């Protein structure tokens, strides 16, 4: 077999192009993308609900990723002497009052220079929710209230295709350019 007029790199490109243009393989790829299972990832980083708010003797920051379904809440307590028995609870209720308040206990996480509490909260609909953060210890209790809007969870399995579309478009343009270049060199 002779490589006259072609370099090995051109032959590799040609093999890739032949495999990309194959309609059976393209259809198989599209079917895989359409029926792929979703993962439990959020759309973006948590954002602050409030930062450094004075709640009794505590200074509290609450960060959240309020997706419909499972929403994440992070409560950061900035106090020089944090009580060892401190418990943090997150209570959520639709502002409309259509459901009673649901209370979730946050789990303590020890990070490098701070202590934070994490809670997985369930939102069943995209609407405004009242969030009550309650801090309890043997020294007493304190609480604060805020509101947050639950955001849609995304497009599900179509997220991958939506985010992949620009890269597929660039790849298609590259493949077309390479096919034209190969035809001209013949």
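The values are calculated or read from the model by the stated rules, or taken from the named source; none is laboratory data. Since the structure is predicted, the reported quantities are computational estimates derived from the model, not experimental observations. Here Cβ is always computed from backbone atoms with ideal geometry, including for glycine, and neighbour counts include all displayed protein chains.
Is at least one residue of the stretch 86-94 outside any strand (DSSP E or B) and more than 15 Å from residue 143 (Cα to Cα)? Among the residues of the stretch 86-94, not one is outside any strand (DSSP E or B) and more than 15 Å from residue 143 (Cα to Cα), which makes the answer no.
Counting only residues that are at pLDDT 85 or above and in contact with a helix residue (DSSP H, G or I) (Cβ under 6 Å, 6 or more places away or on another chain), the stretch 30-85 holds 0 of them.
Residues in the stretch 142-186 that are modelled with pLDDT of 90 or more, loosely packed, with under 12 Cβ neighbours inside 10 Å and closer than 30 Å to residue 49 by Cβ: 145, 147, 149.
Quick grid of which residues meet (1) within 25 Å of residue 64 (Cβ to Cβ); (2) in contact (Cβ under 8 Å) with a residue 60 or more places away in the chain; (3) part of a helix (DSSP H, G or I):
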{"position": "117", "(1), (2), (3)": "yes, no, no"}
{"position": "133", "(1), (2), (3)": "yes, yes, no"}
{"position": "145", "(1), (2), (3)": "yes, no, no"}
{"position": "161", "(1), (2), (3)": "no, yes, yes"}
{"position": "168", "(1), (2), (3)": "no, no, yes"}
{"position": "175", "(1), (2), (3)": "no, yes, yes"}
{"position": "181", "(1), (2), (3)": "no, no, yes"}
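Residue 107 falls short on exactly one of the conditions (1) modelled with pLDDT of 90 or more; (2) touching a strand residue (DSSP E or B) at 6+ places or on another chain (Cβ under 6 Å); (3) surrounded by 13 or more Cβ atoms within 10 Å (Cβ to Cβ), and that condition is (3).
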